[in-house]
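Scroll down for the structure; my scribbles are underneath it.
FYI, it's all coordinate maths here, none of it is from the lab. Predicted model only: the values in this text are computed from it and were never measured. Heads up, the Cβs are rebuilt from the backbone with ideal geometry, glycines too, and the neighbour counts pull from every protein chain shown.
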Amino acid sequence: MKTQTTHAAEQHAAKRRWLNAHEEGYHKAMGNRQVQMIAIGGAIGTGLFLGAGARLQMAGPALALVYLICGIFSFFILRALGELVLHRPSSGSFVSYAREFLG
């Protein structure tokens, strides 16, 4: 009996969340602009991958190593920014942290 009431309560809560989201203007549809932006992003991404392939062919395996090193640096920089956000939240971008800590 307890599981049925729990299940019914969960269903009611889920329906209430859906109604709240619906009342706030959220909907599960994409407009013309969103589809256009996804298409543009896909075209740019494809161009970057094709351009990198041509450079990899000319430079050899060293370029793959450089991509790996840059990716590792980017990972650690973003981890550090994440730690800053948790330590001292700011409404600005990463520039606000540079302004605050570097002057």
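What to note about this one:
- Of the DSSP H helices in the chain, those whose Cα atoms cover at least 24 Å axially and whose Kyte score averages 1.0 or more: 61-87
- Net length gained if the chain between Ala43 and Val85 were fully extended (0.36 nm per residue, minus Cα distance): 11.9 nm
- Neighbourhood charge, 13 Å Cβ-Cβ cut-off, centred on Ser93 and excluding it, Lys, Arg +1 and Asp, Glu -1: 0
- Residue-normalised convex hull volume from the C-alpha trace of the chain: 253 Å³ per residue.
- Extension gain for His7-Leu65 works out to 15.6 nm (0.36 nm per residue, less the C-alpha to C-alpha distance).
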